[in-house]
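The values are calculated or read from the model by the stated rules, or taken from the named source; none is laboratory data. Bear in mind that the values here come from a model prediction, so they are computed numbers and not experimental data. Positions of Cβ are generated from backbone atoms using ideal geometry, with glycine treated the same way; all protein chains shown enter the neighbour counts.
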Amino acid sequence: MIWILLVILALVALLIVLHYNRLVKFRERYRNAFAQIDVQLKRRYDLIPNLVETAKGYMKHERETLEAVTQARNQARQAEGKAAAAPGDPQAMKGLLVAEQALTGAMGKFFALSEDYPDLKASQNMQQLQEELSSTENRIAFARQGYNDAVMRYNTLRGSVPTNLVANAFNFGRAELFEIELPEERETPEVSF
């Protein structure tokens, strides 16, 4: 009878270890996926000051906009540092999302104003920086998709029975997705012929 009890306890312990290790594996996958976003965000944050400096010579009367872009970039960089320290943490991710939305808005305004400066648009340096920024944005979107997929797998595993018992016992918290929601992306475009 004692042997049966020991075998049952050993099996329960083995199951706990297996589920714990799966949770660790999936948590590390989403952390690694966020590290890929982190690399691309840092690349973008490094490109923005060059873009602003290039535009300064042409957009002398748009100092407010240039300062807004710089300030939004600095806030996003700070929020990104907090999120990189704790990828998946709901507060850190929400801070990053808010900062990224502000940066996207400031950059949109910057590019809209730059349309009024034909010499700036024709500048070889500006065109190259815009191309690099566009390429980086695509990489960020791709990395964000990979991160969100990894978070979804982790959260699904974390919520599944019996893994959820192990997750709760060992404080494996729910991870937060990285979804930047812009109101204009949700609106239906108006089409007229």
Subject >> Hits in region 54-81 (condition: closer than 20 Å to Val39 by Cα, polar (S, T, N, Q) and out of contact with any helix residue (DSSP H, G or I) (no Cβ under 7 Å at 6 or more places or on another chain)) >> reply: Asn74, Gln78
Subject >> Residue list for region 89-108, filter: farther than 15 Å from Lys56 by Cα and among the hydrophobic types (A, V, I, L, M, F, W, C) >> reply: Ala92, Met93, Leu96, Leu97, Val98, Ala99, Ala102, Leu103, Ala106
Subject >> Single residue of region 58-76 satisfying the filter (closer than 19 Å to Met126 by Cα and free of Cβ contacts under 8 Å to residues at least 40 places away in the same chain) that is surrounded by the most Cβ atoms within 10 Å (Cβ to Cβ) >> reply: Arg73
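I'd like to check something: does region 109-117 contain any residue that is more than 30 Å from His61 (Cβ to Cβ) and part of a helix (DSSP H, G or I)?
Keep residues of region 109-117 that are more than 30 Å from His61 (Cβ to Cβ), which gives none.
Looking through region 109-117, none of the residues is more than 30 Å from His61 (Cβ to Cβ) and part of a helix (DSSP H, G or I).
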Original post:
Is at least one residue of region 137-145 of a type in the set (Asp, Glu), under 16 Å from His61 (Cα atoms) and out of contact with any Pro (no Cβ under 6 Å at 6 or more places or on another chain)?
Top reply: no
Original post:
When you look at Val151, is it more than 30 Å from Glu62 (Cα to Cα) and in contact with a His (Cβ under 8 Å, 6 or more places away or on another chain), yes or no?
Top reply: no
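Let me confirm something: among Leu157, Leu97, Leu133, which residue is modelled with pLDDT under 95, touching a helix residue (DSSP H, G or I) at 6+ places or on another chain (Cβ under 7 Å) and at negative phi? Can you show your working first?
Values: Leu157 fails: modelled with pLDDT under 95; Leu97 fails: touching a helix residue (DSSP H, G or I) at 6+ places or on another chain (Cβ under 7 Å).
It is Leu133.
In the list Ala79, Ala85, which residue meets the criterion of being free of Cβ contacts under 8 Å to residues at least 24 places away in the same chain, buried (at least 16 other Cβ atoms within 10 Å of the Cβ) and within 30 Å of Leu157 (Cα to Cα)?
Ala79
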Original post:
Is there any pair linking a residue in region 44-56 that is under 15 Å from Glu131 (Cβ atoms) and of a type outside the set (A, V, I, L, M, F, W, C) to one that is at pLDDT below 95 and surrounded by fewer than 16 Cβ atoms within 10 Å (Cβ to Cβ), with Cβ under 8 Å and at least six apart or on different chains, and which?
Top reply: Arg44/Glu137; Thr54/Asn125
